[in-house]
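First up is the structure itself, then whatever we jot down about it.
The values are calculated or read from the model by the stated rules, or taken from the named source; none is laboratory data. Since the structure is predicted, the reported quantities are computational estimates derived from the model, not experimental observations. For neighbour counting, all protein chains shown are included, and Cβ atoms are generated from backbone atoms with ideal geometry for every residue, glycine included. These accessible areas exclude ligands, DNA and RNA; they are computed on the full protein's heavy atoms, side chains included. Shrake-Rupley method; radii C 1.70, N 1.55, O 1.52, S 1.80 Å.
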Amino acid sequence: MAAAVGAIRCVVPAYWNAVLSCTREFVPFHNPRMNSFVDEACYGTCFLNVLEDEPSSVSFVEDIVHQAGHLVLSAAAVQPGRLLAVDPASGLREITLQPTEHRTVLAALHGFFTEVMIAQALDACLREGTHGGPDAFECSGRLAFTLHKLLRDSRVLNVRRLFTPEGARFFAWLTNIFVDIFARREDSVRSLDMSGQTYNFSRRIFFERNRRRSNTAC
């Protein structure tokens, strides 16, 4: 975990400073029936579910950026009405008419923000060469996994009446970060086999599906 913290601090220093302003501790645990999470009752603590038998530094980069991102956005949007023109607890399915969508508007915005921050950090790790060998290839896989999520969420949330003018500017800022990364990484993203992945990225499945590419990369 220390190596992951060092990488985040190095490649996205402004984001790391935001994390430090609202995060007290990272608490690892293991439970295959749960996801990593933060809890308003324990604000400042990121609970990181370590699912892999031998977790890599890259997995901690993703999880720390993800969970701390929820704290960062909660602090920045204490009053969600600054960003959202609808009730934050509204069901996104009723607004977007997406039948498979089960999140609230606020939960979806949190998801989009944290995904963009993850993509930004992983992209920067690849650019700066913070990881080598199998970890670098895993970093590419986790970035592709996140960009696939962002492709979907950027379309789902692109509904004008969801946001206030300030919220629309915030969404546009996040979208521009995502679009820039995707434009530079599209060939790599589309060349990787992401089948078999569920909500949480699996290093084992990724390496099995991309065995030939991983042998070349490593």
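Go through the residues of region 159-175 one by one and say whether even a single one is aromatic (Phe, Trp, Tyr), surrounded by fewer than 15 Cβ atoms within 10 Å (Cβ to Cβ) and out of contact with any Gly (no Cβ under 8 Å at 6 or more places or on another chain). Talk me through it step by step, then tell me what you get.
Filtering region 159-175 for residues aromatic (Phe, Trp, Tyr) gives 163, 170-171, 173.
Filter once more, keeping what is surrounded by fewer than 15 Cβ atoms within 10 Å (Cβ to Cβ): 173.
Now drop any that are not out of contact with any Gly (no Cβ under 8 Å at 6 or more places or on another chain), which leaves 173.
Within region 159-175, one or more residues are aromatic (Phe, Trp, Tyr), surrounded by fewer than 15 Cβ atoms within 10 Å (Cβ to Cβ) and out of contact with any Gly (no Cβ under 8 Å at 6 or more places or on another chain).
For Thr164, indicate whether it is in contact with a Lys or Arg (Cβ under 7 Å, 6 or more places away or on another chain) and among the β-branched types (Val, Ile, Thr). It is true that Thr164 is in contact with a Lys or Arg (Cβ under 7 Å, 6 or more places away or on another chain) and among the β-branched types (Val, Ile, Thr).
For region 25-37, which positions are surrounded by fewer than 20 Cβ atoms within 10 Å (Cβ to Cβ) and not charged (D, E, K, R)? Break it down stepwise before answering.
If we filter region 25-37 for residues that are surrounded by fewer than 20 Cβ atoms within 10 Å (Cβ to Cβ), which is where we start, we get 25-35, 37.
Of everything in region 25-37, those that are surrounded by fewer than 20 Cβ atoms within 10 Å (Cβ to Cβ) and not charged (D, E, K, R) turn out to be Phe26, Val27, Pro28, Phe29, His30, Asn31, Pro32, Met34, Asn35, Phe37.
Applying the condition of being of a type in the set (A, V, I, L, M, F, W, C), farther than 26 Å from Leu92 by Cα and part of a helix (DSSP H, G or I) to region 182-208 and asking which residue is most open to solvent (accessible area, probe 1.4 Å) yields Ala183.
Considering region 74-118 alone, what residues qualify as being aliphatic (A, V, I, L, M), under 17 Å from Asn158 (Cβ atoms), in contact (Cβ under 8 Å) with a residue 40 or more places away in the chain and assigned to a helix (DSSP H, G or I)? Passing the criteria: Leu92, Ile95, Val105, Ala108, Leu109, Val116.
Suppose the filter is open to solvent by 50 Å² or more (accessible area, probe 1.4 Å) and of a type in the set (Ser, Thr, Tyr); does Thr96 pass it?
Working: open to solvent by 50 Å² or more (accessible area, probe 1.4 Å): no; of a type in the set (Ser, Thr, Tyr): yes.
No.
Can Val12 be described as without any contact (Cβ under 8 Å) to a residue 60 or more places away in the chain, surrounded by 14 or more Cβ atoms within 10 Å (Cβ to Cβ) and within 19 Å of Leu122 (Cβ to Cβ)? Criteria not met by Val12. A Cβ distance below 6 Å, combined with a sequence gap of six or more or placement on separate chains, defines the contacts here; from region 27-52, residues that are over 17 Å from Leu71 (Cβ atoms) reach residues that are open to solvent by 40 Å² or more (accessible area, probe 1.4 Å) in the pairs Val50/Pro28; Val50/His30; Glu52/Arg203. Within region 69-85, restricting attention to residues that are farther than 14 Å from Val38 by Cβ and in contact with a strand residue (DSSP E or B) (Cβ under 9 Å, 6 or more places away or on another chain), the residue that is surrounded by the most Cβ atoms within 10 Å (Cβ to Cβ) is Leu83. Restricting attention to region 118-148, the residues being closer than 26 Å to Gln79 by Cα, surrounded by fewer than 24 Cβ atoms within 10 Å (Cβ to Cβ) and of a type in the set (A, V, I, L, M) number 0. If you go through region 106-115 one residue at a time, do you hit one that is acidic (Asp, Glu), loosely packed, with under 13 Cβ neighbours inside 10 Å and closer than 18 Å to Tyr15 by Cα? No; the residues of region 106-115 include none that is acidic (Asp, Glu), loosely packed, with under 13 Cβ neighbours inside 10 Å and closer than 18 Å to Tyr15 by Cα. Of all residues in region 46-68, exactly one satisfies the criterion of being buried (at least 17 other Cβ atoms within 10 Å of the Cβ) and more than 17 Å from the chain's Cα centre (by Cα), namely Pro55.
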